[in-house]
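The values are calculated or read from the model by the stated rules, or taken from the named source; none is laboratory data. Everything numeric in this text was worked out from a predicted model, so none of it was measured. Positions of Cβ are generated from backbone atoms using ideal geometry, with glycine treated the same way; all protein chains shown enter the neighbour counts. For the accessible areas, the whole protein counts, side chains as well, though only heavy atoms, and no ligand, DNA or RNA atoms are used. Shrake-Rupley method; radii C 1.70, N 1.55, O 1.52, S 1.80 Å.
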Amino acid sequence: MTDIIARDKNHIWHPFTQHKTECDPIAIESAKGASLYDHEGREILDLISSWWTINHGHSHPPLVEEIARQAAKLSHVMFAGFTHEPAVTLAEQLCQKLSPPLSKVFFSDNGSTSVEVALKVAFQYWANQGQEKRTNFIAFEGAYHGDTFGAMAVGKGSGYFSLYDELLCTVHSVPYAPTFINDPDVEAIENAAIDALETTIEQHGDTTAALIIEPLFQGASGMRFCRPAFVKRVTQTARNAGIVVIFDEIATGFGRTGTLFAHQQCDVKPDIICLSKGLTAGMLPLSVTVIDEKIYDAFLGDDFSKALAHGHSFTGNPLACALAVKSLALFEEENTLEKIASIEKFHQKFAPSLTRHEKVEQVRVCGSLLAFNLKGQTKGYKSTASLQLRDHYLRAGFNIRPLGDTIYLMPPFCISESQLSRAYDGLLQGLEILD
Ligand SMILES: Cc1ncc(COP(=O)(O)O)c(C=O)c1O
């Protein structure tokens with residue numbers, strides 16, 4: 001194990017890591033269900049599903065078999081001028097689940113790029129119709145949509161990317177309406193956020209190509225939950241002004257919030273939706289941008305000038321597509337939504353112990369997700385408590401990676417009640433180390 005760490009340190013630059021101050025990484029040898037195992041066989045419960053990707057569980061046998069089956073048949077082919085059965089089946093099934101007019105699927109291979117595609121499509125939709133003024137976007141304070149340039153621009157409210165500000169396109173930020181259990185102010189906060197959105201639209205609506213929102217919760221900026229009614233009001237307000245609405249369901253999709261897609265709880269649909277992470281049950285990189293038929297139609301023309309100039313070497317990779325099809329089937333075969341409902345009930349039973357806790361505030365539960373904030377600790381990414389806790393939890397055998405002063409659990413859906421009970425006990429014990 002020490003050998004791997006030394007070799008890693010010789011050559012590897014890890015994501016979102018300050019290598020001068022970070023502890024050594026942990027070398028993982030294998031994983032099964034909700035657990036990771038290091039080279040000494042030590043178990044670490046993966047309570048954040050490895051950056052929210054793993055949903056049915058690590059190395060889930062039907063998925064492992066599916067990769068092997070597809071790899072033996074067709075592992076890759078370029079996707080311009082060629083197509084294949086796994087991509088076609090996946091596109092059909094996603095469109096059927098999302099329902100018309102969301103009916104055109106553009107493939108890419110990570111969440112940031114699916115957002116990039118959504119932004120380019122929205123921008124070009126207007127340009128192709130001669131509306132070249134619509135070049136800006138509306139996004140939410142606290143939003144995170146990835147780390148490529150367009151995604152950084154609409155995610156500037158996350159606070160991660162200020163260094164790059166001058167390189168980014170114009171984005172108008174509006175307030176989100178975060179809430180929690182027994183929040184007395186939620187309506188006032190929502191009303192103020194909608195007022196701010198209306199003002200922004202009055203000022204900039206005719207130069208706005210699209211609005212982008214993470215429905216039901218903003219992930220990376222601290223698991224900030226909003227009510228379904230807020231998502232509905234935002235969507236209707238933008239749509240009344242003719243603005244394209246993009247839902248970023250990269251984190252919220254595939255069961256995390258209790259329904260296959262978060263927006264199914266909001267009684268509204270987007271014009272464009274971005275999906276990734278759980279799309280392949282977290283086993284291979286894949287993402288899609290699913291687009292309204294009328295937007296797609298604006299890209300048709302007699303030469304290339306109106307076409308979308310986008311595509312990557314691994315667009316529509318057959319292994320990843322076959323895996324995604326199998327993962328969708330498992331939602332039915334293994335009653336996955338019922339498993340998520342049981343996790344949610346379990347979280348809800350545990351939530352009062354957190355609400356009563358003197359070091360905890362703003363407890364919230366949504367589907368498989370349980371989150372709260374640390375009372376009296378520095379807010380956001382300057383929180384030193386978060387690093388202290390992360391290291392403590394890892395030593396105790398839990399992969400819990402606080403987001404600033406936000407602690408959360410987002411386990412794989414296969415987690416058992418006894419593993420969850422162990423996680424809750426460990427979570428509470430960790431809080432003891434804080435002043
Ligand atoms: C809501 C949301 N959008 C986009 C992304 C970017 O996805 P990726 O890291 O696969 O590029 C993330 C990643 O956490 C996310 O949570």
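Here is a yes/no grid of residues against (1) assigned by TED's automatic domain parsing to the domain that holds residue 348; (2) closer than 20 Å to residue 258 by Cα; (3) buried (at least 22 other Cβ atoms within 10 Å of the Cβ); (4) among the polar types (S, T, N, Q):
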site	(1), (2), (3), (4)
383	yes, no, no, yes
390	yes, no, no, no
398	yes, no, yes, no
401	yes, no, no, no
413	yes, yes, yes, no
419	yes, yes, no, yes
426	yes, no, no, no
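Every test in (1) within 23 Å of residue 35 (Cα to Cα); (2) open to solvent by less than 20 Å² (accessible area, probe 1.4 Å) is passed by residue 405 save one, and that test is (1).
Within the stretch 151-175, the set of residues being outside any loop (DSSP other than H, G, I, E, B) and over 21 Å from residue 246 (Cα atoms) comprises 162, 163, 164, 165, 166, 167. Residue check: residue 251 meets all listed conditions (1) assigned to a loop (DSSP other than H, G, I, E, B); (2) more than 16 Å from the ligand (Cβ to nearest atom); (3) on the phi < 0 side of the Ramachandran plot but one, namely (2). If you go through the stretch 149-204 and keep only what is aromatic (Phe, Trp, Tyr) and closer than 23 Å to residue 135 by Cβ, you end up with 149, 161, 164.
Only helices (runs of 4 or more DSSP H) whose full extent lies in the stretch 1-80 are considered here, and the ones with at least 3 residues that are open to solvent by 70 Å² or more (accessible area, probe 1.4 Å) are 2-11, 61-73.
Test residue 59 against the stated conditions and say whether it is of a type in the set (S, T, N, Q), closer than 24 Å to residue 423 by Cβ and either touching a Lys or Arg at 6+ places or on another chain (Cβ under 7 Å) or modelled with pLDDT of 95 or more (or both). So residue 59 fits the description; yes. For the stretch 231-254, which positions are crowded, with 24+ Cβ neighbours inside 10 Å, touching a residue at least 40 places away in the same chain (Cβ under 8 Å) and not aliphatic (A, V, I, L, M)? Across the stretch 231-254, the qualifying residues are 248, 254. Here are 319, 284, 330: which of them is open to solvent by 30 Å² or more (accessible area, probe 1.4 Å), in contact with a His (Cβ under 9 Å, 6 or more places away or on another chain) and over 30 Å from residue 238 (Cβ atoms)? When all the criteria are applied, what remains is 319.
Okay, residues lined up against (1) outside any loop (DSSP other than H, G, I, E, B); (2) away from the ligand (no atom under 16 Å from the Cβ); (3) β-branched (Val, Ile, Thr); (4) open to solvent by less than 30 Å² (accessible area, probe 1.4 Å):
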| residue | (1), (2), (3), (4) |
| --- | --- |
| 91 | yes, yes, no, yes |
| 103 | yes, yes, no, no |
| 119 | yes, no, no, yes |
| 133 | no, yes, no, no |
| 144 | no, no, no, no |
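Remark: pairs (first residue in the stretch 127-144, within 18 Å of residue 159 (Cβ to Cβ); second residue open to solvent by 60 Å² or more (accessible area, probe 1.4 Å) and within 14 Å of the ligand (Cβ to nearest atom); Cβ separation under 9 Å; 6+ apart in sequence or on different chains) = 139/156; 142/224; 143/156; 144/160.
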